[in-house]
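Colleague: Take a look at the following structure, please.
Read the figures in this text as sums done on the coordinates, not as results from a lab. All figures in this text were calculated on a predicted structure; none of them were measured in a lab. Using ideal geometry, Cβ is built from the backbone for each residue, glycine included, and neighbour counts are taken over all protein chains shown.
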Amino acid sequence: MTANTTDDRTTALVTGANKGIGYEIAAGLGGLGWRVGVGARDDDRRDAAVQRLRAAGVDAFGVPLDVTDDASVTAAARLVEQQEGRLDVLVNNAGVTGGMPQEPTQVSPDQLRTVVETNVIGVVRVTNALLPLLRRSASPRIVNMSSGVGSLARQSVTTDPLSTGPISAAYSPSKTFLNAVTVQYAKELQGTGVLINLACPGFVATDLNGFRGVRTPQQGAQIAVHLATLPDGGPSGGYFEDAGVIPW
């Protein structure tokens, strides 16, 4: 990334950063010497995460943030502007599964609404609120945390649960929806210097899946850190995992 001309310090905001993959993304970016905003709804968990990161040498600060609430997101953008003046990297990591069961014949409309509200609309809400600050950066980057289970190509050619996850009529389609929205952002932002990409962390052991995953949160965070540090002229509108490009 190109250094910012007014201040060489790079500032990132990670949503859902109080635990799991989000926390490890914050730790990874902080390890680069960046200042990192820990976005989270729960005050106690957010404060604990900030303290833990600071103890590890990360220049972390807390950002109260509920991605489903307009007022919360507006206040978070205002806080970042007041403290930092701009934002260099936004990682939209906050997400929910919506609970089980999710077979199409059993999933409820309320489950669908809840999942889409956080996993898709929440990303749009946060991104649009922070874009004015990202545009002040010399090398703005946006990373949307997706999943390989959002790949229609994979869902349609295999039943391997390590590739497709369980049958899911809410969570998996929400990631497909997020993928499609991200492509539209990339088209609109083409030529602006803002690079926006999708990251799949793999099947990570987190409370989101009852810790059934086979990868650690640190491993899951690596692809997001990579996309957050893309050089100018790097890809935008792409869908990536550690092994490379994921088929749509």
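Colleague: How large are Rg and Dmax for region 9-129 when only the alpha carbon atoms are used, in Å?
Modeller: For region 9-129, the Cα radius of gyration and maximum Cα-Cα distance read 15.1, 51 Å.
Colleague: Let me ask another. Say the dipole of the chain comes from +1 at the beta carbon of Lys and Arg and -1 at that of Asp and Glu; which of Thr182, Val63, Gly165 then lies farthest toward its positive end?
Modeller: Value computed over the given set: Thr182.
Colleague: When the chain is treated as a GNM, springs tying every alpha-carbon pair under 10 Å, which of Gly202, Gly37, Gly99 comes out with the largest mean-square fluctuation?
Modeller: Gly99
Colleague: Enter the per residue convex hull volume of region 11-245, computed from alpha-carbon coordinates, in Å³ rounded to the nearest integer.
Modeller: Details: hull volume 27.5 nm³, N = 235.
Here the figure is 117 Å³ per residue.
Colleague: Considering only DSSP beta bridges where both residues belong to the chain, give the percentage that are antiparallel (nearest 5). Spell out each step's value before the answer.
Modeller: Numbers: 2 of 28 bridges.
Antiparallel bridges make up about 5 percent of those DSSP assigns within the chain.
Colleague: Under unit Cβ charges (Lys, Arg +1; Asp, Glu -1), what dipole magnitude, rounded to 20 debye, does the chain have relative to its Cα centre? Provide the component values of the computation, followed by the final result.
Modeller: On the way: 20 positive and 23 negative charges, 41 e Å.
The calculated dipole for the chain is roughly 200 debye.
Colleague: On to the next question. Top mean-square fluctuation among Ala77, Ala17, Ala169, Gaussian network model of the chain, C-alpha springs under 10 Å?
Modeller: Judging by the Gaussian network model, the answer is Ala169.
Colleague: So, by mean Cβ neighbours within 10 angstrom, what's the order for 110-121, 190-201 with the highest one leading? All intermediate terms of the calculation are to be shown ahead of the outcome.
Modeller: Values: 110-121: 18.9, 190-201: 21.1.
Top of the packing list down: 190-201, 110-121.
Colleague: Okay, helix-only estimate at 222 nm for the chain: each DSSP H run of n ≥ 4 adds -39500 (n - 2.57), divide by all residues, round to 500 deg cm²/dmol; what do you get? All intermediate terms of the calculation are to be shown ahead of the outcome.
Modeller: Values: 9 runs with 101 residues, N = 248.
Computed ellipticity for the chain at 222 nm equals -12500 deg cm²/dmol.
Colleague: Rounded to the nearest 20 Debye, what is the dipole magnitude of region 105-184 about its Cα centre when Lys and Arg each give +1 and Asp and Glu each give -1 at the C-beta? Present the calculation step by step, with values, prior to reporting the outcome.
Modeller: On the way: 7 positive and 3 negative charges, 83 e Å.
Once rounded to the nearest 20, the dipole reads 400 debye.
Colleague: Of Thr118, Gln106, Val149, whose Cα points farthest to the positive end of the dipole of region 89-248 (charges on the beta-carbon: +1 Lys, Arg; -1 Asp, Glu; origin at the Cα centre)?
Modeller: Most positive-ward Cα: Thr118.
Colleague: Can you compute 3J(HN,Hα) from phi for each residue in region 138-148, using the Karplus curve 6.51 cos²θ - 1.76 cosθ + 1.60 with θ = phi - 60°, rounded to whole Hz and x for Gly and Pro?
Modeller: 6, 9, x, 9, 10, 10, 9, 7, 9, 7, x
Colleague: Within the chain, which DSSP H helices have Cα atoms that stretch 20 Å or more along the helix axis and a mean Kyte-Doolittle hydropathy of at least -1.0? Provide the component values of the computation, followed by the final result.
Modeller: Numbers: long enough: 70-84 (21 Å, -0.27); 171-189 (27 Å, -0.16).
Answer set is 70-84, 171-189.
Colleague: If contacts are Cα pairs under 8 angstrom and at least 6 residues apart, what is the relative contact order of region 11-245 in percent?
Modeller: Working: 466 pairs, mean separation 45.0, N = 235.
So the answer I get is 19 percent.
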